[in-house]
Amino acid sequence: MRNPLIPKIEAQLQGLPVPVALQLPAGERVGAHSAKVTLSFQDWSSLATMAAGQIGRLAEDFVESRVQLQGRMRDLMEVAARLLPGHPGTQPASGWWGGVLRRAKSLAAHSQAKDAEQIQFHYDVSDDFYALWLDDKRVYSCAYFRDADMTLAQAQEAKLDHICRKLLLQPGERFLDIGAGWGGLLLWAAEHYGVDATGITLSHNQHAHVNREIARRGLAGRVRMLLCDYRDLKVDQPFDKIASVGMFEHVGRVNMPTYFGRIRELLQPGGLVLNHGITGSSVNYEQLGAGMGDFIEKYIFPGGELLHVSHVLREMASAGLEMVDTENLRPHYARTLWAWSDALEARLDEARRVLAATARDAGAAERVLRAYRLYLAGSAMSFEHDWISLHQMLASRPSGRTHSGPMTGAQSAYPFNRGYMYR
């Protein structure tokens, strides 16, 4: 007797934008004869997952080798987007009890020890692995395609400069980069804007890499990279300017008041801070639906939590920071992620060898590689479809002196026009 799932699956395949074939557990093949994407299933439960549009669970089956894939990631994501039962970035309001559960989960996930463990889980996979698909500066955040024909490397430099311009960095200023990654912004700000720069990270690999770069470039004494939690950073005097790029997604909803409150303490009156990070697509956002959020939590970013930009701005304001400019770079991140995905897809065999050098066995290395293949391409798709977004939020710590700054009432370095950012 033919499995009753098969007619439903065949109907789904007919409406897809890319020709797809499925190799079923019993050996039968259904779908397009000249398929661009072929999925091979070991058991019927994975097929039922696909029929239900549970893309995150299907992704887990791929990582765990219960499903095999032939075809391009770009084609696979076109298929995945059409299989979803609805908008995965929008959820109904969860009510007061849902809020209590969400807060309890966030509290459990974001002790200082947990945060360090979770950061190291992701960023300490392998420097050599990341180097295969990032640009030469290893800038692991949304690029800024100021001109349409920019390469990824050019767009990453444009992003670094865009941030420095927004912050009005000046020679000799004290600059802090929270979650400084492999040092792209930290080193750019020091070498192109002459600031005295401090970076902090919880990643051992990143800490070691940046300190090697500081020594190699002769920047010791003017640039430093610390292995430090933002809550533990001790300074003799506050910073003139602060940036946090691709870091606050790891902070946790429950810690947002602490995070922005600590930034205010570290920032001198009249100083500027730029917070650049991924945001949710709806005011009720909790995580991506259809199992995609669970997949990212398990394999990529444990403890990651996203807020809608309106919630982030509210937390900033509650901490005493005044938002002076907010910019949405969502499609820029889609293009960035596709560039990363394409670069990884072009070097899969090399990636396997690199990961095998640090993983406990070949199976573990393959699982990491499969997870990242889906994460990069799936994230690109999510930004393209506005299921998640990316905002740069520039804020000041008002000085309280109405006659300070570039115009009366500014109370900061911000000129209250955008012209300076683009000249």
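Taking each residue as 0.36 nm, the span from ASP128 to LYS8 lengthens on full extension beyond its C-alpha to C-alpha distance by 38.8 nm. A crude spin-label estimate for the pair ARG82 and THR151, with each label 7 Å from Cα along the Cβ direction, gives 3.5 nm.
The modelled label-to-label distance between GLN268 and HIS311, using points 7 Å beyond Cα along the C-beta direction, is 3.5 nm. Each peptide in 147-158, 319-330 receives the mean, over its residues, of other Cβ atoms within 10 Å, and ordering these scores from highest gives 319-330, 147-158. Taking Cα atoms of the stretch 230-311, Rg/Rh with Kirkwood Rh, to two decimals? Ratio of gyration radius to Kirkwood radius: 1.04. Using the Karplus relation 6.51 cos²θ - 1.76 cosθ + 1.60 with θ = phi - 60°, the per-residue 3J(HN,Hα) values for the stretch 128-134 come to 5, 5, 4, 5, 5, 10, 8 Hz, with x marking Gly and Pro. Using the 1.4 Å probe convention, the accessible area of the chain works out to 42 Å² per residue with neighbouring protein chains retained. Structure remark: mean-square fluctuation, Gaussian network model of the chain, C-alpha springs under 10 Å; the largest value among GLU286, GLU350, GLU249 belongs to GLU350.
Heavy-atom accessible area, probed at 1.4 angstrom with all protein chains present, ranks LEU134, LEU226 as LEU226, LEU134, highest first. The string of couplings for the stretch 22-32 from the Karplus curve (6.51, -1.76, 1.60, θ = phi - 60°) is 10, 9, 7, x, 7, x, 5, 10, 10, x, 5 Hz, one whole number per residue in order, with x for Gly and Pro. Rg of the Cα atoms in the stretch 163-212, relative to 2.2 N^0.38 Å, amounts to 1.10. The Cα atoms of the chain define a convex hull whose projected area, averaged across directions, is 22.3 nm².
Of all alpha-carbon pairs in the stretch 311-383, indicate the percentage at a distance above 18 angstrom. Roughly 57 percent, once rounded to a whole number.
Contact order, relative form, for the stretch 125-234: 21 percent (alpha carbon pairs under 8 Å, 6 or more residues apart, mean separation divided by residue count). Taking the C-alpha atoms only, the angle from helix 5-14 to the longest principal axis of the chain is near 60 degrees. In this structure, the amide hydrogen of ILE242, modeled 1.01 Å from its nitrogen in the peptide plane, lies closer than 5 angstrom to those of LEU176, LEU272, VAL273, LEU274, counting only residues at least 5 positions away or on a different chain. Placing unit charges on each Cβ (+1 for Lys and Arg, -1 for Asp and Glu) gives the chain a dipole about its Cα centre, and among MET50, TRP182, GLY246 the Cα reaching farthest toward its positive end belongs to GLY246.
With r as the distance between the Cβ atoms of ARG347 and GLU28 and R0 = 45 Å, compute the FRET efficiency 1/(1 + (r/R0)^6) and round to 0.05. For GLU28 and ARG347, the calculated efficiency is 0.85. With a cut-off of 17 Å on the backbone N, no residue of the stretch 311-349 is near the modelled label site 7 Å out from THR402 along Cα-Cβ. Against the chain, whose longest principal axis is taken from its Cα atoms, helix 152-166 shows a tilt of about 30°. Once Rg and the Kirkwood radius are both taken over the C-alpha atoms of the stretch 274-335, their ratio Rg/Rh works out to 1.00. Mean residue ellipticity, 222 nm, helices only, the chain: the sum of -39500 (n - 2.57) across DSSP H runs of n ≥ 4, divided by residue count and rounded to 500, is -14000 deg cm²/dmol. Using R0 = 25 Å, the C-beta based FRET efficiency linking HIS192 and ALA364 works out to 0.05.
The values are calculated or read from the model by the stated rules, or taken from the named source; none is laboratory data. As the structure is a prediction and not an experimental result, all values here were calculated from the model. Positions of Cβ are backbone-derived with ideal geometry, glycine not excepted, and every protein chain shown enters the neighbour counts. Heads up: the accessible areas ignore ligands, DNA and RNA and are worked out on the full protein's heavy atoms, side chains in. Shrake-Rupley method; radii C 1.70, N 1.55, O 1.52, S 1.80 Å.
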